[in-house]
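Heads up, the thing below is written out as structure tokens.
The values are calculated or read from the model by the stated rules, or taken from the named source; none is laboratory data. Being a predicted model, the structure only gives us computed values, none of them experimental. Positions of Cβ are generated from backbone atoms using ideal geometry, with glycine treated the same way; all protein chains shown enter the neighbour counts.
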Amino acid sequence: MACLERASPALKRILLKLYRENKSIEIDHHLYEFGSVEYHIQSSTSDTHYTNLSVSTPLLSQGVILPNGISHYTKQMVKGICPDVVEIIEPAKEGYQITLRLDLSKIPNGKDSIKVIADISAVQAVILSSQLKEMLMNVSSQDTFQGMYKTIKLVYHPREPFFIVRQPQKILAVFPIRFKDKTDVIIATAFFQELVDVGSSEKWAKAPPCCWSPIPPPELRGEPFEDLSTNGGFVSFDISSRHVRGKRLDKTVWSLLNFYAYVKYHVKSTRSFIQRRMRKRLQRLVEVLHKRSTQEEEKEEEEEGNHKVQAGRSRESVRELKSRDLGVFVDDG
């Protein structure tokens, strides 16, 4: 789904253009995207191979990430995008979390070049997902407070926070659900109830257990009122160690970060489906009414024609009678 694409389409387009030119281009371009994300792309004709890319993005959680920038783990994840092409410049350009030096000449030719550039264009998603990976992997005693496990508020999409609660044997992810349209609330609520039912089936036993409630779970007690004020309830997922083990970690993290996008996509698709069905039914109803109206008009025209024929025959009969009467008078004369 396009709404869940990791790579920035605009950044990918610019990097592809620079790569395909096969020569240095003078460029100093600022790119702004939804969610207060900013990219600064710099390339100079005096430097034939390198392009600098600086990234500024809101941190997933101010309370967990280092105050002076992103963590060492996140930097290693960014470096791992393509080690031959990507180099991290220290310190980062002022006002940005990270600055990369890209050696576009080392990008392989053919179809692989598009994949490498797409991976580089997804650097903002890598930064945020690596932050959540760090939270899921590192459960320490510092996260406890008076016997309770600390609740961490995360913001991936603006005005759509969700919460991570570390517990002894699992991690609880809680999503407050809000919609402006009441119809969307109805569709989403039905979707969540179905999600809970399907998730509890034997077929999906390995998936994180899901729960929906119209009220906040006890783990969110004490959180700001504005974060708990919803009209769509709360969706919770219980994430155990097996869900963050090995390759499953990346899939779990990406699914959590984009759960709101999944829900919106489902609601939008359902609305479109309902509207299409309604239009088809309305069209069929109009066709039936039109057909009936046409049949009634044809019947009326037929009846009107019969009346005219009968009237014509009556007039002819009258004329014949008159002719006979006149003939009688003439014969008598």
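With respect to the conditions (1) touching a helix residue (DSSP H, G or I) at 6+ places or on another chain (Cβ under 8 Å); (2) surrounded by 14 or more Cβ atoms within 10 Å (Cβ to Cβ); (3) in a helix (DSSP H, G or I), R242 falls short on a single one, namely (2).
Applying the set (1) at pLDDT below 80; (2) within 19 Å of the chain's Cα centre (by Cα); (3) hydrophobic (A, V, I, L, M, F, W, C) to M137 leaves exactly one unmet item: (2). Annotation: of all residues in segment 18-53 being in a strand (DSSP E or B) and polar (S, T, N, Q), the one that is farthest from E160 (Cα to Cα) is S43. Within segment 257-269, is even one residue surrounded by 10 or more Cβ atoms within 10 Å (Cβ to Cβ), free of Cβ contacts under 8 Å to residues at least 60 places away in the same chain and assigned to a helix (DSSP H, G or I)? Scanning segment 257-269 turns up at least one residue that is surrounded by 10 or more Cβ atoms within 10 Å (Cβ to Cβ), free of Cβ contacts under 8 Å to residues at least 60 places away in the same chain and assigned to a helix (DSSP H, G or I). From the residues in segment 101-126 that are in a helix (DSSP H, G or I), within 30 Å of T45 (Cβ to Cβ) and among the hydrophobic types (A, V, I, L, M, F, W, C), which one is modelled with the lowest pLDDT? The extreme case among them is L104. Every test in (1) buried (at least 17 other Cβ atoms within 10 Å of the Cβ); (2) closer than 19 Å to L154 by Cβ is passed by A188 save one, and that test is (2).
Scanning segment 8-37 for residues that are under 29 Å from Y156 (Cβ atoms), surrounded by fewer than 17 Cβ atoms within 10 Å (Cβ to Cβ) and touching a His at 6+ places or on another chain (Cβ under 9 Å) yields H29, H30, L31, F34, G35.
Farther than 30 Å from L154 by Cα, in the same structural domain as N109 (by TED's automatic domain parsing) and modelled with pLDDT of 90 or more, is that true of T45?
On the way: farther than 30 Å from L154 by Cα: yes; in the same structural domain as N109 (by TED's automatic domain parsing): yes; modelled with pLDDT of 90 or more: no.
Answer is no for this residue.
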